[in-house]
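> The structure follows.
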Amino acid sequence: MRRALRDFLPVLAVAAAFLVAWKLLVVIGGYPAFVLPAPEVVATRLVGAWRDGVMQPHVLTTLSEVLLGFAIGSSLALVTGYTLARSRLAERLLSPYLVAAQATPILALAPLMALWFGTGLVSKVIICALIVFFPIAVATMVGVRSVDRQLLEVGRAFRATPLQVLTRLEIPGALPSIFGGIRVGATLAVVGAIIGSSSRRWSPSPRLESPSTG
Amino acid sequence: MRSFGTNATHTGGSAIKAPRTAVLARPARDRRAPAIEVRHLAFTYPGDPPRPALDDVSLEVASGELVAVIGANGTGKSTLLKLVGGLLEARSGEVAVLGRAVREPDARVGFVFQEPRLLPWRTTLENVAFPLELAGRPRPERDGRARDLLALVGAADVGGLRPHQLSGGTRQRAAIARALALDPGILLLDEPFSALDALTRERFNVVLQSIWRSTQTTILLVTHSIPEAIFLADRVLVLAGRPGRVVTEVPIRLPRPRTLADQDATMVSEAASRIRAALGAPPDPARPAGEVM
Ligand SMILES: Nc1ncnc2c1ncn2[C@@H]1O[C@H](COP(=O)(O)OP(=O)(O)OP(=O)(O)O)[C@@H](O)[C@H]1O
Ligand SMILES: [Mg+2]
């Protein structure tokens with residue numbers, strides 16, 4: 001208990017410092033609320049919206065978009081990343097498209113997605129999935145490639161089947177790298193869902209008081 | 001079961017308590033098909049430029065025999081072992097194990113690499129159980145067997161630790177235990193003791209000898225150490241040149257089981273100087289053979 005407190009204390013302290021700095025900025029800078037609202041204004045608004053039941057359905061929609069998009073994007077990414085790592089041919093054929101696609105800002109595609117797939121769940125899930133795809137695919141490829149060759153040779157010496165090589169050597173060996181990709185991907189998924197939502201109204205700034213329908 | 005006894009304060013000499021028989025050498029082995037048979041084997045690593053590693057190597061290891069291969073760096077010792085173990089494909093010449101041409105790793109062959117090569121995400125016990133797991137043995141069986149094997153190599157107390165928490169020597173013990181997991185008839189050992197300090201190494205040699213005697217395996221051992229080769233082997237093959245060839249074969253006719261005290265015998269110094277001469281080093285009669293590493 002004391003330990004938990006000791007570990008948690010710095011986190012609290014930094015959070016408090018952040019809020020104080022925010023408040024000071026508002027007070028000293030004298031910004032009007034529509035430019036930079038003070039922390040307590042935002043908090044009141046949040047609590048109010050939650051109490052009125054305005055937020056819950058939207059939170060739920062966004063959450064399901066994020067989760068669905070993340071699940072689809074990361075599954076495809078794992079398979080693609082593995083294929084790229086293990087097949088020269090796949091890499092030669094696919095990597096130009098991957099590079100080109102990665103260079104395209106996915107968020108800029110949001111309005112197009114809305115045009116093609118409507119403003120419902122589908123377009124947002126696709127945006128999420130696309131955004132999640134690249135970091136995880138690249139991390140998987142790098143991770144699988146970096147699995148120690150000497151350990152793979154051990155697997156061969158003890159007659160591991162291809163499936164055993166995958167599950168006992170390649171996946172555990174690539175996992176740290178894959179998790180790195182997933183961390184990046186997961187945060188991006190949320191960004192994707194929010195941008196996806198905003199594109200519904202063809203406006204870059206979604207506003208709390210006039211929520212669009214999910 | 002003899003164990004490596006991590007805390008022993010003595011060097012290996014007194015570690016052997018088995019009664020010594022008066023016979024010289026081991027009883028003549030039966031002349032069935034050799035356990036390992038290599039004919040005119042050559043190997044070149046592809047690449048630009050290609051790297052020739054072995055040139056026209058022929059050797060035989062009889063069933064139950066312990067043969068040491070000694071040679072300078074880069075003379076193809078590891079390459080030879082990988083070819084015998086089926087980890088490299090022989091394109092020129094023949095390699096057969098237990099009467100069958102080698103195409104891929106054989107379940108009857110255990111391999112200890114030059115590095116421990118333990119899986120870092122597994123505990124030591126799980127590492128030793130790895131070959132059993134791949135072979136589809138049920139969990140209770142593999143755990144029990146892995147524990148026995150760890151005890152056999154004197155590392156019973158580290159089963160729950162990860163490889164990075166072990167000393168280099170203990171890692172190597174675990175690698176040896178892992179190689180023994182499937183009860184192989186043939187053991188291929190690539191400098192298994194190179195990471196050990198001299199005293200521990202001598203103790204390991206004593207225990208390897210006793211494991212070999214009790215399990216009746218055939219062993220092909222790569223080493224850099226002349227004393228180690230003489231202590232353990234029935235025959236010592238000297239590899240030299242790039243690409244490597246077998247330049248000399250030195251039989252070691254010392255009684256078994258051998259003790260570390262045997263290293264003072266005249267036979268030992270004679271064998272040592274022959275091996276050293278074949279390795280290309282100038283003979284140095286002023287130095288007792290047992291101290292040459
Ligand atoms: N994977 C590889 N690719 C290309 N060349 C290799 C490879 N492995 C070894 N070689 C080359 O083959 C030759 C023999 O190597 P090998 O590892 O068999 O020697 P070694 O006798 O085991 O040496 P050491 O005593 O240092 O372990 C060397 O010239 C080495 O550079
Ligand atoms: Mg080697």
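The values are calculated or read from the model by the stated rules, or taken from the named source; none is laboratory data. In this text, all values refer to a predicted model and were calculated from it rather than measured experimentally. Neighbour counts are summed over all protein chains in view; Cβ atoms, including those assigned to glycine, are modelled from backbone coordinates with ideal geometry. All accessible areas refer to the heavy atoms of the entire protein, side chains included, with ligands and DNA or RNA removed. Shrake-Rupley method; radii C 1.70, N 1.55, O 1.52, S 1.80 Å.
> Set the Förster radius R0 to 56 Å, insert the Cβ-Cβ distance between residue B:157 and residue B:101 as r into 1/(1 + (r/R0)^6), and round the FRET efficiency to 0.05. Before the final figure, lay out each step's value.
Values: r = 42 Å, r/R0 = 0.76.
My answer for the efficiency is 0.85.
> Between residue A:20 and residue A:150, what is the spin-label point distance in nm, taking each point 7 Å from the Cα along the Cα→C-beta axis?
Placing both labels 7 Å beyond Cα along the Cβ direction yields 5.2 nm.
> Placing +1 at every Lys and Arg Cβ and -1 at every Asp and Glu Cβ, with all other atoms neutral, what dipole size does the protein assembly as shown have around its Cα centre, in debye to the nearest 20?
Details: 57 positive and 40 negative charges, 122 e Å.
Here the protein assembly as shown has a charge dipole of around 580 debye.
> Rounded, prolate or oblate, given the Cα gyration tensor of segment B:99-239, with a/c below 1.5 counting as rounded?
Values: a/c = 1.79, a/b = 1.23, b/c = 1.46.
Oblate, since a/c reaches 1.5 and b/c is not below a/b.
> Additional query: Residues of the protein assembly as shown: accessible area per residue at 1.4 Å, in Å²? Kindly include the intermediate steps, with their values, before the conclusion.
On the way: 26180 Å² over 507 residues.
Accessible surface, normalised per residue, equals 52 Å².
> Put +1 on the Cβ of each Lys and Arg and -1 on the Cβ of each Asp and Glu in segment A:1-74; which of A:49, A:73, A:38 then has its Cα farthest toward the positive end of the dipole?
Comparing the listed Cα positions along the dipole, A:38 ranks first.
> Using a 1.4 Å probe on protein heavy atoms only, how many Å² of accessible area do B and A hide from each other, summed over both chains and rounded to 100?
Values: alone 13740 and 14190 Å², together 26180 Å².
In total, chains B and A hide about 1800 Å² from solvent.
> Based on alpha-carbon atoms only, what is the radius of gyration of the protein assembly as shown relative to the globular estimate 2.2 N^0.38 Å? Provide the component values of the computation, followed by the final result.
Details: Rg = 32.5 Å, N = 507, 2.2 N^0.38 = 23.5 Å.
My calculation over the Cα atoms of the protein assembly as shown gives 1.39.
> In debye to the nearest 20, how big a dipole does chain A give about its Cα centre with +1 on each Lys and Arg Cβ and -1 on each Asp and Glu Cβ? Display every interim value, and only then the final one.
Values: 19 positive and 9 negative charges, 82 e Å.
Here chain A has a charge dipole of around 400 debye.
> So which aspartates and glutamates pass the test for residue A:23, namely a Cα distance under 18 Å, with those fewer than 8 places away in the same chain ruled out?
Candidates past the 8-residue exclusion: A:40.
> Give me the percent of the accessible area of the protein assembly as shown that comes from carbon and sulfur atoms, probe 1.4 Å, all protein chains in place. List each step's numbers first, then the result.
Numbers: 16200 of 26180 Å².
After summing per-atom areas, the C and S share lands at 62 percent.
> Once the whole set of protein chains is in place, how much accessible area is left on residue A:134, using a 1.4 Å probe, in Å² to the nearest 10?
20 Å²
> How about segment B:115-130: which of its residues lose at least 40 Å² of accessible area in the presence of all protein chains relative to their chain isolated, using a 1.4 Å probe?
Those are B:117, B:121, B:130, which lose 40 Å² or more relative to the chain on its own.
> Now for a different question. Using θ = phi - 60° and the Karplus curve 6.51 cos²θ - 1.76 cosθ + 1.60, what whole-Hz ³J(HN,Hα) does each residue of segment A:155-165 get, with Gly and Pro shown as x?
x, 5, 4, 9, 6, 5, 6, x, 5, 5, 4
> Using every pair of alpha-carbon atoms in segment A:53-202, split the distances into 5 Å bins beginning at 0 and state the percent of pairs per bin, rounded to integers.
Here the calculated profile for segment A:53-202 is 2, 10, 16, 18, 16, 12, 9, 7, 4, 3, 1, 0, 0.
> Let me ask another. Quick one: compute the contact order of chain A, relative version, from alpha carbon pairs under 8 angstrom and 6+ residues apart, as a percent.
Details: 200 pairs, mean separation 52.5, N = 214.
Once divided by the residue count of chain A, the mean separation gives 25 percent.
> Given H placed 1.01 Å from N in the peptide plane, which residues other than close sequence neighbours of residue B:63 have an amide H under 5 Å from its amide H?
B:35
> Still on this structure: For helix A:88-103, what angle does its Cα long axis make with the longest principal axis of chain A, in degrees from 0 to 90 and rounded to 10?
10 degrees
> Let me have the 222 nm mean residue ellipticity of chain A computed from DSSP H runs of 4+ only, each contributing -39500 (n - 2.57), with the sum over all residues rounded to the nearest 500. Mind dumping the intermediate values first?
Values: 8 runs with 158 residues, N = 214.
When only DSSP H runs of four or more count, the value is -25500 deg cm²/dmol.
> With the Cα gyration tensor of segment B:154-235 giving a ≥ b ≥ c as the square roots of its eigenvalues, does the rule (a/c under 1.5 for rounded; else a/b larger than b/c for prolate; else oblate) give rounded, prolate or oblate?
Numbers: a/c = 2.00, a/b = 1.30, b/c = 1.54.
Cα axes put segment B:154-235 in the oblate bin.
> Only Lys, Arg, Asp and Glu count, each charged at its Cβ (+1, +1, -1, -1), so figure out the dipole size of segment B:106-239 about its Cα centre, rounded to 20 debye. Present the calculation step by step, with values, prior to reporting the outcome.
Details: 16 positive and 15 negative charges, 53 e Å.
My answer is approximately 260 debye.
> What does the structure give for A:149-157 when I average, per residue, the other chain Cβ atoms found within 10 Å of the residue Cβ?
Numbers: counts 0, 5, 4, 0, 8, 13, 5, 6, 16.
Mean shielding count: 6.
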